[in-house]
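Q: What follows is a single structure, and I will ask about it in a moment.
Just so you know, all these numbers are worked out from the coordinates, no wet-lab data involved. As the structure is a computational prediction, the values presented were derived from the model and not from experiment. Note that we place each Cβ from the backbone using ideal geometry, even for glycine, and neighbour counts take in every protein chain shown.
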Amino acid sequence: MFALADCNNFFVSCERVFRPDLEGKPVIVLSNNDGCAVARSNEAKALGIKMGEPYFKIRPIVEQHGVKVFSSNYALYGDMSRRVHAVLRDFAPAVEQYSIDESFLDLRGMMIADLDAYAKEISASCRHLTGIPVSVGIAPTKTLAKIASKLCKKFPRLRGGCYMHRPQDIEKVLCTYPVEDVWGIGRRSAKKLSAMGITTAWQFAQLKEYEVCKSFALPGWRTWKELHGEPSVDFEDQMEPRQSLCVSRSFAHELTDVRDLCAQVATFAESAVRKLRKQGSLVLEMAVFAMTNRFHENDPQAFSSELVVFPDGTDDHATLVAAASEAVRALFDKRFSYKKAGVIFTRMAQRDGFQRALFRDAEADDRQERLSRALDSLASEYGPGTVLFGVQGDGRVWMAQENRSPQYTTRWSDIPTASVK
DNA sequence: TCTGGGGTCCTAGGACCC
DNA sequence: TCTGGGGTCCTAGGACCC
């Protein structure tokens with residue numbers, strides 16, 4: 001059996017832990033730059049606010065019903081996520097953190113007499129120890145566990161825990177479960193299925209195995225088997241190092257000065273290097289991109305990018321910050337106004353065991369490494385942006401964040417921001 | 001010009017996830 | 001006026017190898 005623990009309306013719940021007065025009231029959390037709604041309390045959902053809806057479109061509802069609005073506070077959400085995960089680790093020998101608000105628990109080999117009670121106990125512990133409400137579904141496969149956890153949200157009398165295993169129960173649930181809500185069935189497949197007259201998970205499960213293979217290939221076949229109770233998605237409890245890494249942001253205002261764009265992108269690169277070094281990797285290839293505002297259809301549009309290669313690999317702050325700002329100078333075109341930019345490390349390798357060039361200047365490398373280590377420790381001790389490269393300007397990223405809550409549980413966030421109205 | 005039977009690696013694009 | 005920011009896996013086709 002597998003369990004899925006899913007935090008309810010996670011970002012909203014994080015805000016409510018420190019604002020208990022907002023319990024029972026409509027609350028939403030916005031994406032970066034206060035762009036669109038990415039988390040909604042049940043009360044906000046009931047008002048018809050949709051996931052991903054732009055803020056300016058829902059503003060009338062917000063004002064009419066006094067919806068409490070928060071800018072996103074990822075430092076807070078990341079920290080609360082760690083706390084929930086720490087609680088979950090006490091309930092199973094192996095836990096896979098699947099996303100910021102979801103974890104799978106591997107219950108195979110555990111002797112638990114009453115799994116339904118166990119699910120409810122996990123949920124109650126998370127609530128008690130972190131303040132976050134969590135829905136826990138237990139089922140024979142990960143895909144079914146996700147469905148079971150959804151039932152907890154729909155039926156409060158389940159008290160946050162649901163064990164779904166008897167075939168007749170699974171059939172009953174799948175018969176009313178929309179196929180597009182099944183984990184692994186995305187928009188495209190749902191559309192294809194709908195054209196075939198298939199709208200429920202149960203109808204999908206009734207397809208012939210060869211038909212599923214033919215029309216939906218390997219991923220579809222796995223989902224089909226999972227719905228039949230046959231585990232087909234691996235349990236991945238040990239974190240592999242990332243294969244790619246991206247730091248990008250939209251800006252509060254469009255940028256037209258190359259120095260401004262350089263400063264922002266240099267700060268993205270600096271943040272990316274800290275992430276890279278934390279996982280012990282080197283970059284072999286970096287893409288730097290900048291783009292115009294795609295919603296301003298009448299303005300001239302551009303998506304420019306520059307690829308920089310490091311055949312010998314690097315994890316050096318100065319090298320990458322300099323390369324990123326040079327790339328910006330190369331791609332910048334004064335005819336355009338840039339709304340969004342970022343750096344992507346598109347090829348990476350583990351530092352340990354990486355074969356470096358034979359004739360490199362080892363002494364210079366060593367000096368650079370000591371500088372990078374000093375920058376790492378300054379950032380972790382005093383916060384990112386304490387010490388900057390000149391090209392970074394004041395080291396702040398220009399974002400609109402009118403309603404960010406305090407950093408209740410951490411000292412700082414990953415990228416310092418300059419709030420712009 | 002035609003001719004066999006294997007392989008690997010890389011890339012772009014699609015589909016999916018949160 | 002105002003529209004987020006990350007990731008992974010799979011597949012097909014091309015280029016190349018013997």
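Q: Provide A:S149, A:S125, A:S103 in ascending order of the number of other Cβ atoms located within 10 Å of each residue's Cβ, fewest first.
A: Details: A:S149 28, A:S125 17, A:S103 25.
Least crowded to most crowded, the residues run A:S125, A:S103, A:S149.
Q: Give or take rounding to whole Å, what are the principal axis extents of the alpha carbon atoms in chain A, in descending order?
A: The Cα atoms of chain A stretch 66, 59, 46 Å along their principal axes.
Q: Students often get this wrong, so check it: of A:K154/A:K191; A:K45/A:K214; A:K172/A:K214; A:K68/A:K225; A:K214/A:K339; A:K45/A:K142, which have C-alpha atoms separated by over 31 Å? Walk me through the numbers before you get to the answer.
A: Details: A:K154/A:K191 25 Å; A:K45/A:K214 38 Å; A:K172/A:K214 27 Å; A:K68/A:K225 43 Å; A:K214/A:K339 42 Å; A:K45/A:K142 26 Å.
Violating the 31 Å Cα-Cα cut-off are A:K45/A:K214; A:K68/A:K225; A:K214/A:K339.
Q: Considering all projection directions equally, how large on average is the shadow of the alpha-carbon convex hull of segment A:137-201, in square nanometres? Could you put the intermediate results ahead of the total?
A: Working: hull surface 17.6 nm².
It is 4.4 nm².
Q: So how compact is segment A:40-83: Cα radius of gyration and Dmax in angstrom?
A: 12.4, 36
Q: Debye calculation, C-alpha points only, no solvent: report log10 I(q)/I(0) for segment A:1-116 at q = 0.21, 0.23 Å⁻¹, in the same order as the q values.
A: At q = 0.21, 0.23 Å⁻¹ the computed log10 ratios are -1.08, -1.20.
Q: Let me see the P(r) profile for segment A:304-385: every Cα-Cα distance counted, bins of 10 Å, each bin given as a percent of all pairs.
A: Values per bin, smallest distances first: 13, 38, 34, 13, 2.
Q: Taking only the Cα atoms of segment A:252-356, how large is their convex hull per residue, in Å³? If you can, show how the numbers build up before the last one.
A: Numbers: hull volume 9.4 nm³, N = 105.
It comes to 89 Å³ per residue, whole-number rounded.
Q: What FRET efficiency would be calculated for the residue pair A:Q279, A:R259, taking the C-beta separation as r and a Förster radius of 30 Å, to the nearest 0.05? Don't skip to the end; give the middle numbers.
A: Values: r = 31 Å, r/R0 = 1.04.
Step by step, r from the Cβ atoms, then E = 0.45.
Q: Same structure again: Starting from segment A:241-279, pick out the trypsin sites (Lys or Arg not before Pro) whose DSSP state is loop and whose Cβ has at most 14 other Cβ atoms within 10 Å.
A: On the way: sites: A:R242, A:R249, A:R259, A:R274, A:K275, A:R277, A:K278; in loops: A:R242.
Hits after loop and neighbour filter: A:R242.
Q: Return the distance in nm (one decimal) between the two label points of a simple spin-label model at A:C175 and A:R159, each offset 7 Å from Cα along Cα→Cβ.
A: Between A:C175 and A:R159, the simple spin-label model gives 2.9 nm.
Q: OK, next. Would you mind ranking A:L107, A:L218, A:L284, A:L30 by Cβ crowding within 10 Å, fewest neighbours first?
A: Values: A:L107 20, A:L218 9, A:L284 17, A:L30 24.
Neighbour counts put them in this order, fewest first: A:L218, A:L284, A:L107, A:L30.
Q: Based on Cα positions only, what radius of gyration and what Dmax would you give for segment A:1-49, in angstroms?
A: Cα-based Rg and Dmax for segment A:1-49 come out at 12.2, 41 Å.
Q: Excluding the sites themselves, what is the longest stretch of chain A that contains no GluC sites (Glu not before Pro) in a DSSP loop with at most 16 other C-beta atoms within 10 Å? It would help to have the intermediate numbers written out before the result.
A: Working: sites that count: A:E23, A:E236, A:E297, A:E402.
In short, A:24-235.
Q: Measure nothing but the geometry: give the 0 to 90° angle between the long axis through the Cα atoms of A:74-88 and the longest principal axis through the Cα atoms of chain A, rounded to 10°.
A: Around 40 degrees separate the two axes.
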